[in-house]
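S.K.: Have a look at this one.
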Amino acid sequence: MSMPSVGQRFIIKGVEFEIAHISAEQLRYTSVAGGKQYSMATSKAQSLVSAGDLDLIGRTNTEDMQPDHLSKEEIKIMNYRKEYVQYIFLNAHHPGSKDKVEPLIAEVAKETKDENPPSFSTCLRWFNKYKRSNKNPLSLVPRYSNRGNRTFKFSSDIENLVQKHLSEEYLTNQRLSITAIHANIVGDIYDRDLEHLDIPSLSTITRRVRQIDPYLRSKTRNGKYQANRRYKSAGKSYVTTRILEAVEADGNLLDVLIVDPDTGEVMGRPYGTCLIDKYSRCILAFKITMIPFSAATLLDTLSTALSEGKEKFSGHFETLIVDNGSDFISHSVQNFCQNMGIRIEYGSPRDPNSKPHVERFFGTMNKQLIHMLPGTTFSNPVEKGEYKSEKYACLTLEKLQENIEKWLEIYHQGIHQGHGRAPEKLWEESLKDNPTVTFPKEHLDTIAREIEYRSIVKGRIRVHNLHWHSQALATLEQVLKNTKQSTEVEVYLDSLDLSKVFVRDPRDKKAMIQCDAVKPEYANGLSLYEHEQILSEIMTEGKDDLKTYGDHALQIKRWELWQDINADGKLFAKKKIARLKEVQKNQIVNKKRVKAVKKRAKDKIAAQSLAKSNKTEITKSHENPSDKTLNKSDCDIEPDYYEYERLNSAE
């Protein structure tokens, strides 16, 4: 039974919800339209899934390993093991023989600079898993650590010496002979007092050398360029013996004009992206878009070729042969191939024919189909002559795709000049001994995307000036903040459809949170190429608007505004200065008033004291008691006295 995960969407009674959090007891989910929070017991959710009342949408958590479940460390280990297993598949007629396999292990270790190569028993265990799974690279993902013990035909000391001399002396541009290498090995054994051990003979060393990949021997002894030239013509490097051993990829501008299905206006020439199996020449996938050939169109084509939805001509392949261009060396393409365990082989800059089959296919399709369609532009002006391509253009993109699919049926059943067989028959024969492995489309689409690293801000992700949101993403943001972790996450963006993105949950590498566009009316069905063109047009329109105001018009307006601001500032400053002056004036007046009051009060107090002294003398001389009473005028000093005391206390 498939179990839901964080970010998983489901439908109940026609309403779509999204899981925001899962615990052992409770499952919290939100309404996609509105974001209202709900919860139910986890056991109840499991019962609803089992009963079919809860309809899970798209991706689900499964016990089977899937490409988008892998961590970076698991991807690294898977591809590390695949290097050894694949080399054994190609070079060992008896994979169970230690004598045959151990040198191959040493060769891979030398080529990859692996200081601790796996033992024969470990490689055999990996080999058997890989074979039982029909060469599914995910079978090599580690689930437990049990690497086994290393064993050799000779003692470890002798084996190490043999490998050392072969790698350091034979596989060099000094190009020593096998006889010289054998002599050095024997001399080294005696020098180390190891002659009591088994000493390899000249014929043994000769066999070891012959077991080394001829291309590797030529590359290390004669140079990479010479090796590529020599073994391409001999077929050693590029000859395939079974389907899906190697696949060529390329994109091309098709020689036909496409019209808009609604207006009938000519839209231009479309782009085709093709994947062709080198062995059978069968077409694994062919995509047509109006978007220029890019990493996005290649990823979409790769996802189709590997998905389990196709009836035939699909499956996991070992090597992808591409041009050494920016589209193919982009991080998103490399990430996808690493997740899928696919090796990328780039064409040599000095070898334009590194992928001849896909280039010939485009030529064949042009002659047999494209140049026969109305609105064709032909390959050159000579072939076109006076033909009016725009006048006769009438095919829509959808109709062209239908015509190509019908023609591909004829192509697969016809005799191919390259090998003299019908591609479909050759595929079916090889398929009997080489079963294919495919993967769920929704898992492939998740990783067949451009990868960006962004921080979550208020439950949103921003890439290329667009925003996507999710309730589960908002919850993840709070959890990361509460645990003092970085809110930067991996964002998987489909450059051909910006309606949604996926965010990998850093807590659970298997959980991918779907985030919808904040402006779906704009982003639905919109490609990154179209979005960038729209932004470019907006910028152009803005520049055109500026031109209507004349040269330096905005600069003049800004200067006038600045002058007004300065004038307003000066007026404000004058008013402020006036207010300050008024305050200072009042303060000066108050100080003078205080001094005058203090002086007047002091004079009255002095006069009072003098008056009292005089009255005392008069009283004593007349001896009249009634004269001891003060007159009313003696109290006139009281108001100024109290004001004097108040001013002193205020100070």
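The values are calculated or read from the model by the stated rules, or taken from the named source; none is laboratory data. Note that the structure is predicted; figures quoted are calculated from it, not measured. All Cβ positions, glycine included, derive from the backbone under ideal geometry; neighbour counts span all protein chains shown.
S.K.: State whether the residues of the stretch 415-437 include one that is in contact (Cβ under 8 Å) with a residue 24 or more places away in the chain, more than 29 Å from D260 (Cβ to Cβ) and β-branched (V, I, T).
M.R.: Yes: one or more hits.
S.K.: Checking the structure you have, find out if any residue of the stretch 428-443 is touching a Leu at 6+ places or on another chain (Cβ under 8 Å) and in a helix (DSSP H, G or I). Break it down stepwise before answering.
M.R.: From the stretch 428-443, those touching a Leu at 6+ places or on another chain (Cβ under 8 Å) are 434, 436, 438-439; that's our starting set.
Still in the running and in a helix (DSSP H, G or I): none.
There is no residue in the stretch 428-443 that is touching a Leu at 6+ places or on another chain (Cβ under 8 Å) and in a helix (DSSP H, G or I).
S.K.: Let me ask you something else. Which pairs do you get when a residue that is outside the structural domain of I342 (by TED's automatic domain parsing), found in the stretch 122-141, comes within reach of a residue that is modelled with pLDDT under 90 and not in a helix (DSSP H, G or I), reach meaning Cβ atoms under 6 angstrom, with the pair 6+ apart or on two chains?
M.R.: Pairs found: T122/R147; T122/G148; F127/P95; L138/M65; S139/S133; V141/M65.
S.K.: Regarding the stretch 31-49, can at least one residue be identified that is touching a Phe, Trp or Tyr at 6+ places or on another chain (Cβ under 7 Å), modelled with pLDDT of 80 or more and among the β-branched types (V, I, T)?
M.R.: Checking the stretch 31-49: not a single residue is touching a Phe, Trp or Tyr at 6+ places or on another chain (Cβ under 7 Å), modelled with pLDDT of 80 or more and among the β-branched types (V, I, T).
S.K.: Under the condition of being among the acidic types (D, E) and assigned to a helix (DSSP H, G or I), which residue from the stretch 83-114 is farthest from the chain's Cα centre (by Cα)?
M.R.: Our first condition is that a residue be among the acidic types (D, E); within the stretch 83-114, this holds for 83, 99, 102, 107, 111, 114.
Now restrict to residues that are assigned to a helix (DSSP H, G or I): 83, 99, 102, 107, 111.
On the way: E83: 25, D99: 44, E102: 39, E107: 34, E111: 29 Å.
Step by step, filter the stretch 83-114, then rank; the result is D99.
S.K.: Here's another thing I want to ask about it. Would you pick out the residues in the stretch 164-219 that are farther than 17 Å from F154 by Cβ and among the polar types (S, T, N, Q)?
M.R.: Passing the criteria: T172, N173, Q174, S177, T179, S218.
S.K.: Anything in the stretch 340-374 that is polar (S, T, N, Q) and modelled with pLDDT of 90 or more? List them, or say none.
M.R.: Matches in the stretch 340-374: T364, N366, Q368.
S.K.: Checking the condition at pLDDT 75 or above, out of contact with any helix residue (DSSP H, G or I) (no Cβ under 6 Å at 6 or more places or on another chain) and not in a helix (DSSP H, G or I), which residue from D53, D64 passes?
M.R.: Sole residue among the options that is at pLDDT 75 or above, out of contact with any helix residue (DSSP H, G or I) (no Cβ under 6 Å at 6 or more places or on another chain) and not in a helix (DSSP H, G or I): D53.
S.K.: Next question. Quick one: which residue in R242, R269 is more than 18 Å from D445 (Cβ to Cβ) and in contact with a Phe, Trp or Tyr (Cβ under 7 Å, 6 or more places away or on another chain)?
M.R.: Just a single option satisfies the conditions, and that option is R242.
S.K.: Still on this structure, please answer the following. So, D262, is that one in a loop (DSSP other than H, G, I, E, B) and in the same structural domain as G341 (by TED's automatic domain parsing) or not?
M.R.: Details: in a loop (DSSP other than H, G, I, E, B): yes; in the same structural domain as G341 (by TED's automatic domain parsing): yes.
In short, yes.
S.K.: So is L216 modelled with pLDDT under 85, within 19 Å of I88 (Cβ to Cβ) and outside the structural domain of C123 (by TED's automatic domain parsing) or not? Quick ask: steps written out before the conclusion?
M.R.: Numbers: modelled with pLDDT under 85: yes; within 19 Å of I88 (Cβ to Cβ): yes; outside the structural domain of C123 (by TED's automatic domain parsing): yes.
Yes.
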